[in-house]
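Written out below as C-alpha cells is the structure these notes cover.
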Amino acid sequence: MEKLKLGIIGFGNMGTGHAKNVMEGKVPRMELGAICDIAPARQDAIRQLYPGVAVFSNATEMFESGLCDVVLIATPHYDHPTLAIEAFRHGLHVITEKPAGVYTRQVKEMNAAAAASDKVFGIMYNQRTNPVYQKLRKMIQAGDLGHIKRITWIITDWYRPQAYHDSSTWRSAWKTEGGGALINQNPHQLDLWQWMFGVPDRIFAKASFGKYYNIEVEDDVMAYFEYDNGTTGEYITSTGEAPGTNRLEIACDMGKVVVEGNRILFYRNTVSEREFNKTNTVPFGRPECWECNIPADFSGGPQHVGILNNFADAVLNGAELLAKGEEGIYGLTISNAIHLSAWTGETVDVKNFPDDRFYDLLQEKIRTSTMVKKESQVVVDNSNTY
C-alpha cells in the first residue's frame, strides 16, 4: 500500500498527538518521516520516542531533506502561514493546525501560494468530523429548518486558569499569540458556524481583555451577527467560567433546534410558523410542535485521525477534502471582525473586511504591549499546546 511520508513541525501537545496517532497505525496511509522542533529538549524527546525518525531544528532543512511528502504545521499561530508558504514552494502538501493564521492579510497570502501550487492543502478542523454537526449541516442544507431566524451559541466551557496562561512564553500576548479565546480556543466553533450558517455580513462585538486573568488578550466576548437575509446571531464565549456551557440554539420557521451534550433536539413545528401566521385567527394560537430527538452518531467522530485519513485519501486518490485549508480564512475573518469591532466600537462589514486596517491596529497592540514573559515565569517548558 502506497504511503505518504509525513513531516511534523512543532512537537508540543498537538504535534506529539499527531505523531502518536501515525506511529500507532491509526492513519494507515501515512508514515512518520521527520519531525522538526526548535527546542533541544524536545528534539531529545523525539529521538528517544522514535529512534528511526529524522529530527530537525530548522524547517527549511526538513523541507529540503526529501523525507516528507506532507508537512503538518503545529507551531504557534503566527508561523502557520509562513511555514505553509515555504512548504508549497518546496513542492510539499500541507496540513496546518488551526487557526489558519492570526490576521486575514497573512492568510490570503498563504491561500495564494496554495493556489499557485499543485499540492493538496488542508486544515485541522477536526470538529467537522463530528457526526452531530454533519447531521445538522445536512438538515440546514436540505431546508428542514426553513428560514433561520436566530442563532445563539454559548461556548464557555473553555475554562483556562492563570496557570495555563503562565505555562508558556508565547501564550496570551498580542505579539506572540495574536489573541486569546477567539484565536486559541474558538477557531473550531467559528469554523463550524460559517460551515453551517455562512459568514455573517456584519458584526458588532464587546470584549474584555484580561478581565479574569493577568493577560492582555480577550478572555470574555459577546458578539452580535447580522445577515442580509434577516438572520441574526449571538456568539458568547469566555475562558473564565467554570463550569461552562456549550449550547447551540437555532430558532427557525420550522421550530427550534438545540445542540447540547453532543445531541440534537428538534422542537419541530408541524407547519412553518410563517405559514401558520398567515391563516391563524386565534390571538394566542401557536403551531403544533413535536419534540424530536434527531438520530446521529454521538461518539464525536474520528476527529484528528479522521482529518489525516481524509487528507491521505485526497492526495493518493483524489478524494474531496473535508476541511480545505483555503477555508480557514472564513472563521478567521469572523474572529478578526470581532476583535476589530471590540477595539473600535464599530459595526464591521465582514464581507468587505478591511485587512490592512486590522493589521495596522494589531501592530499597534503589539507595539504598545507591556506583557513580556521571562523564562523564569514559565511553569512548563514552551509548548504549542492549544
Measure off 7 Å from each Cα along the Cα-to-Cβ vector at residue 208 and residue 5, then give the distance between these two points in nanometres to one decimal. 5.2 nm
Radius of gyration and maximum dimension Dmax of the stretch 135-251, Cα, Å: 15.6, 48
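Where nothing but the Cβ of Lys and Arg (+1) and of Asp and Glu (-1) is charged, how large is the charge dipole of the stretch 283-338 around its Cα centre, in debye to the nearest 20? Walk me through the intermediate numbers first.
Values: 2 positive and 7 negative charges, 30 e Å.
So the dipole magnitude of the stretch 283-338 works out to roughly 140 debye.
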The stretch 47-98 - convex hull of alpha carbons, volume per residue in Å³: 88 Å³
Evaluate E = 1/(1 + (r/R0)^6) for residue 112 and residue 288, where r is the Cβ-Cβ distance and R0 equals 41 Å; express this FRET efficiency to the nearest 0.05. 0.20
For the stretch 4-82, the Cα-Cα pair-distance distribution in 10 Å bins from 0, as whole percents, is 20, 59, 21, 0
Approximate spin-label separation residue 249-residue 319, in nm, with each point projected 7 Å along Cα-to-Cβ: 3.8 nm
Considering the options 255, 271, 232, tell which one lies farthest towards the positive end of the dipole of the stretch 231-282, charges being +1 on Lys and Arg and -1 on Asp and Glu at the Cβ, about the Cα centre. 271
Which translational diffusion coefficient, to the nearest whole µm²/s, is obtained for the chain from the Stokes-Einstein equation, given a Kirkwood hydrodynamic radius over C-alpha pairs, 20 °C and 1.002 mPa s? 97 µm²/s
The stretch 230-289, Kirkwood Rh and Cα Rg, ratio Rg/Rh at 1.12
Select from 74, 102, 92 the residue farthest towards the positive end of the dipole of the stretch 61-111; place +1 on Cβ of Lys and Arg, -1 on Cβ of Asp and Glu, and compute about the Cα centre. 102
On average, how much area does the Cα convex hull of the stretch 197-353 cover when viewed from any direction, in nm²? 14.0 nm²
If each DSSP helix of 4+ residues adds -39,500 (n - 2.57) and the sum is divided by the residues in the chain, what number results at 222 nm, nearest 500 deg cm²/dmol? -10000 deg cm²/dmol
By average C-beta atoms within 10 angstrom, highest first, the peptides 51-60, 103-112: 103-112, 51-60
Cβ crowding within 10 Å averaged over residues, with 129-141, 74-86 ranked highest first: 74-86, 129-141
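Using +1 on the beta carbon of Lys and Arg, -1 on that of Asp and Glu, and nothing else charged, what's the dipole of the chain about the Cα centre, debye to 20?
Numbers: 38 positive and 47 negative charges, 86 e Å.
Around 420 debye, computed over the chain.
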Quick check on packing: order 285-296, 200-211 by the mean number of other C-beta atoms within 10 Å, highest mean leading. 200-211, 285-296
From Cα pairs below 8 angstrom and at least 6 apart in sequence, can you work out the relative contact order of the chain, rounded to a whole percent? 21 percent
Gain in length, residue 370 to residue 67, computed as 0.36 nm per residue apart minus the alpha-carbon separation, to one decimal in nm? 104.9 nm
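Values in this text are rule-based calculations from the coordinates and carry no lab data. Computed from a prediction, not measured in an experiment: that's the story for all the values here. Glycine gets a Cβ as well: all are built from the backbone with ideal geometry, and neighbour counts include every protein chain shown.
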